[in-house]
Structures are given as structure tokens and as C-alpha cells.
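The values are calculated or read from the model by the stated rules, or taken from the named source; none is laboratory data. Predicted, not measured: the structure shown is a model, and the values here were computed from it. With ideal geometry, Cβ positions are generated from the backbone for all residues, glycine too; neighbour counts draw on all protein chains shown. Protein only, heavy atoms only, side chains kept; ligands, DNA and RNA dropped before computing areas. Shrake-Rupley method; radii C 1.70, N 1.55, O 1.52, S 1.80 Å.
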Amino acid sequence: MSDSSPARPPASARPHAPARAAALIARAEHAIKGPVWGCQMCGQCVLHSTGLTCPMNCPKTLRNGPCGGVRANGHCEVKPEMRCVWLKAYERSERMPGWRGHIDDLRPPVDNRLKGTSAWVNLITGRDRQLPAGWAAGADVEP
Amino acid sequence: MSNLERKLAAGEFVVTAELPVIDGGGQGEILRQLAPMRPFVDAFNATDNPSAHAHCSPLAVAIGLIQAGVEPVMQLACRDRNRLALEADLLGAAMHGIENICCLTGDDVTAGDEPETRRVFDIDGPQLIALARVLEGGRYLSGRSITPPPHYLIGAVENPGAPPYEYRVRRAAQKALAGARFLQLQICYHPELLERFMRVASDTGLSERLALIPSICILRTVGGMRFVATQVPGIDVPPETVARVENAGDAEVECFEIAYELACHALAQPGVAGLHFISFRRDAGIAKLCTRLGIPPRLERETNGYSASVAV
Ligand code: SF4
């Protein structure tokens with residue numbers, strides 16, 4: 001990327017402008033995604049695979065589908081007045097052509113350091129796809 | 001390799017049961033709780049603060065079960081521990097030869113008697129399954145190595161009786177993909193929902209890859225039935241079933257009949273790998289139910305073989 005250009009000082013030497021820009025983008029992002037999708041600014045957006053339903057509104061902040069406590073009327077175990085977030089996610093994802101089936105993917109643990117940062121910036125930099133170093137070790141185990 | 005793992009791999013019918021919670025009384029209490037059901041059960045679940053009520057820790061109880069000469073299934077829930085603590089308990093289990101683990105998301109703290117507690121849920125159930133696999137791969141999440149790596153028989157739970165019903169088998173498949181090899185299914189008082197789940201699991205080939213073990217709960221009183229119907233998250237009991245116990249001359253006999261009927265129905269489903277029994281107090285209910293169902297004691301099954309179809 002452009003950061004490799006020798007004419008520019010290293011990123012560490014000019015922290016203020018990019019940090020301010022990122023904060024500004026985060027605010028803009030929240031202003032849009034907050035009212036529309038109830039975005040909680042986890043900084044690692046998965047809305048496309050959850051039928052545009054923010055899983056961070058689940059009181060257990062589950063990233064991989066509904067818990068076993070969903071009530072018979074489809075409401076949340078923890079907040080009986082609220083419809084289960086994952087029920088909504090499931091129904092909506094079934095209606096989303098391109099991303100149908102993505103709801104079944106295993107989403108990795110949340111990186112708690114990203115809370116409050118802009119998922120848009122993290123998407124561009126790839127930071128939102130940075131997994132714990134050991135995460136891949138599980139894939140090699142014989143089932 | 002645990003006995004449970006060997007049996008599941010060989011396609012043998014398994015019987016698991018919940019050890020009632022342990023509070024005081026030490027090892028003697030574990031032995032007392034085990035006594036009435038011990039001959040019938042292949043492995044006992046050491047529960048992890050069920051319904052968000054604090055009890056002896058699952059790791060401590062699982063060690064106690066090994067000392068008592070039986071095989072544990074250590075439950076681990078995501079409600080009370082962050083990923084560091086879960087990794088530590090999984091490694092602690094391996095250190096003591098505990099291989100059977102059952103990964104849960106966990107009931108919310110609001111279901112318990114200390115609802116003011118901070119809920120953790122740093123990771124979720126499917127991620128916990130994957131985490132156990134990461135450890136088996138010889139790494140902590142950080143990438144730091146573990147030599148030699150631990151070995152587990154990773155299990156989890158699923159609830160065929162909670163919406164969205166048609167999605168539950170896909171969620172079970174997601175858990176299999178993450179590394180689960182057995183699922184203990186939540187108690188289900190709607191036989192048609194269990195039937196639907198088992199049929200889809202069988203049609204999609206999931207029950208070939210994942211051992212599905214329905215749970216049967218033996219209650220004894222009207223109060224117990226009402227408690228399960230109203231207080232346990234994710235369990236819906238039809239009003240007719242509650243009324244059956246309320247109107248019965250002998251509630252205990254009626255509860256047993258209900259458990260028997262549900263167990264017969266579960267055994268008749270395609271792809272049932274075994275049954276998981278839950279009885280909230282120390283009594284001979286589990287042994288009695290196994291006998292009535294025609295499920296022989298463990299040693300007899302191991303010597304003479306047994307196939308569930310005999311029972312139905
Ligand atoms: S019922 Fe749904 S929204 Fe409520 S805690 Fe469970 S998964 Fe989350």
C-alpha cells in the first residue's frame with residue numbers, strides 16, 4: 001500500500017491525523033449503521049452473513065446462531081419482550097440471495113480490542129479478518 | 001480413548017446421565033448420588049452451574065467421578081468464563097484424563113438465583129467446540145504450543161424444541177463442522193419436534209457424522225413439572241402434559257409414565273445413538289426406566305451387545 005513509499009514518515013511518527021480520520025469514519029459509520037441495523041460497533045462486521053441483523057444485540061452476544069433458550073413464541077430467553085435476534089437473522093438471511101447459507105459459517109471469536117472502532121476501516125485494512133494465531137490449528141485435527 | 005468415544009465410534013448404543021449437582025459432602029456425596037444408577041450408565045455429566053445456579057465446579061466433580069471409578073462428561077458453559085479460563089479448564093481436564101467434554105453456550109444469569117451476576121459469553125458454544133479442537137491441534141489460541149497436545153471427545157448440546165425449528169439441524173451441522181462428535185439433545189416434551197429434528201438429521205446424513213443422544217427427564221412431583229414448564233429456559237411443556245400430572249392420583253407414577261412414553265418415542269427415531277437421562281434427585285428412577293425400556297446394564301451390553309431396536 002502507499003505506506004511503503006519511502007517519502008512518507010512511518011505511521012508511528014504521525015499518529016494524529018489517521019487516528020482522527022478513523023474516529024471520524026467510526027462516528028459516520030455509527031450514525032448510519034446504528035439506526036438502520038442497531039449496530040453496536042464491534043468493529044468486525046458480520047451483517048452480510050446474518051441477514052443484516054446485528055448479533056451484538058443478542059444479550060449473550062452470540063456470533064453463531066441462536067442459543068437453546070429461545071422461547072416457543074420466538075422471543076428471547078433473556079429479554080422476553082424482544083424477539084430473538086437470531087430468529088430475525090435466520091429469517092432475513094433466507095431472503096438474501098447472494099449471502100444465503102453464510103449464516104451457517106463458523107464466525108471466529110470477537111476481537112474485543114476492536115470495540116468502538118470502524119468496521120469499514122478494519123475491512124479495508126484487513127484488520128477485521130486477523131484471527132488469533134492458534135485458530136487455524138484446529139483445522140488440522142483428524143475428526 | 002474414552003469408553004464413550006470407543007462405543008460411539010463402534011456405533012454401540014450409549015447411556016449417559018446427569019449426575020445431580022454436588023454442593024457439600026465431598027467425594028462421599030458423589031458416591032451416594034452415583035449408587036442407584038451406576039450399573040446402567042456409560043458416562044456421567046458433571047454439570048456446569050446448571051440454570052445459572054452455583055454448585056461444585058464441573059472440573060472438580062469430573063475428577064471426583066474418575067476417582068469413583070466411572071467415566072465423566074465434563075460440561076463447560078460460556079456464561080461464566082472467558083476464553084483464558086476455558087482454555088485453562090480444558091487443559092486441566094486433560095491433565096486428569098478427562099476426555100469427554102460437552103460444550104454449551106449456557107443459560108443466562110437471569111435464569112439463576114444470582115441474576116445480578118455479570119454474564120461473560122466471551123465466546124459462544126460453536127466457538128468453544130472449535131477452541132477445544134485448537135488445543136487438540138497443539139496450540140493455545142495465542143499460537144503458543146502445547147506438547148503433547150490433549151485429546152478430547154468433543155460434544156455439545158442442541159435444542160430440537162426451540163425455534164427456529166427448521167434451522168436447528170443446520171446449527172447441529174455447524175457444530176459438527178466445528179468439531180463436535182456427539183450432541184446431547186435438550187429435554188423435549190414435544191415428540192413431534194424431536195421427530196422432525198431426527199428425521200431431517202437422518203435425511204441429510206448428519207446422524208452418520210454426529211452421534212445424536214436425546215435427553216429424557218424423570219420428574220416426580222407436580223411442583224417439579226411446573227418448575228420445568230415455567231422456569232427452565234428453552235423447555236416448553238404442552239399444557240396437557242402438565243395437566244396430566246396435576247390430575248393424576250399419583251404424580252410420581254404419572255411422571256414416570258410420561259418419561260417412559262417419551263423415551264420409547266425417542267428410541268424409535270432414526271439415527272438415535274443413545275439416551276441421556278436426567279433425574280434431579282438421587283433415586284432409582286433411571287435404573288427403573290432403563291429396565292422398563294429393556295436397556296440392559298452396561299456390563300451386560302458390553303458382553304452380549306445390544307441394539308436399541310429391541311426396546312421398541
Ligand atoms: S434467545 Fe436469541 S437473542 Fe436471546 S440470548 Fe438466546 S440467541 Fe440471544
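In this structure chain A gives 55 Å² per residue of accessible area when probed at 1.4 Å with all protein chains present. Placing unit charges on each Cβ (+1 for Lys and Arg, -1 for Asp and Glu) gives the protein assembly as shown a dipole about its Cα centre, and among A:122, B:221, B:127 the Cα reaching farthest toward its positive end belongs to A:122. Over chain B, the Kirkwood radius and the radius of gyration, each from Cα atoms, give a ratio Rg/Rh of 0.94.
Shape class of segment A:46-109 from the Cα gyration tensor (axes a ≥ b ≥ c, square roots of the eigenvalues): prolate, since a/c reaches 1.5 or more and a/b is larger than b/c. The angle between the Cα long axis of helix A:85-94 and the main principal axis of chain A comes to about 80°, on a 0 to 90 degree scale. For chain A, the longest principal axis of the alpha carbon atoms and the long axis of helix A:16-37 meet at an angle near 20°. Surface composition of the protein assembly as shown: carbon plus sulfur atoms contribute 56% of the solvent-accessible area (1.4 Å probe, protein chains only, all chains present). Taking a ≥ b ≥ c as the square roots of the eigenvalues of the Cα gyration tensor, the protein assembly as shown is prolate, since a/c reaches 1.5 or more and a/b is larger than b/c. Legend: residue pairs B:7/B:288; A:88/A:115; B:7/B:175; A:115/B:175; A:79/B:288, Cα-Cα distance threshold 30 Å; pairs beyond threshold, A:79/B:288. Shown for segment A:22-68: residues covered by the partner protein chains by 50 Å² or more of accessible area relative to the chain by itself (probe radius 1.4 Å), namely A:60, A:64, A:66, A:68. Between segment B:171-202 and segment B:2-49, the alpha-carbon centres lie 21 Å apart. Between chain B and chain A, roughly 3100 Å² of accessible surface gets buried, counting both sides and using a 1.4 Å probe. Looking at segment B:1-92, which trypsin sites (Lys or Arg not before Pro) are in a loop (DSSP not H, G, I, E or B) and have at most 15 other Cβ atoms within 10 Å? Taking segment B:1-92 and a limit of 15 other Cβ atoms within 10 Å, no loop trypsin sites (Lys or Arg not before Pro) are found. How about segment A:79-111: which of its residues lose at least 30 Å² of accessible area in the presence of all protein chains relative to their chain isolated, using a 1.4 Å probe? Residues losing area: A:87, A:90, A:104, A:106, A:109. Once the Cβ-Cβ distance of residue B:304 and residue B:9 is raised to the sixth power relative to R0 = 25 Å, the FRET efficiency obtained is 0.80. Residue by residue along B:169-182, Cβ atoms of other protein chains within 10 Å of the local Cβ number 3 on average. For a paramagnetic label modelled on residue A:130 (point 7 Å from Cα along Cα→Cβ), amide N atoms under 14 Å away are absent within segment B:117-154.
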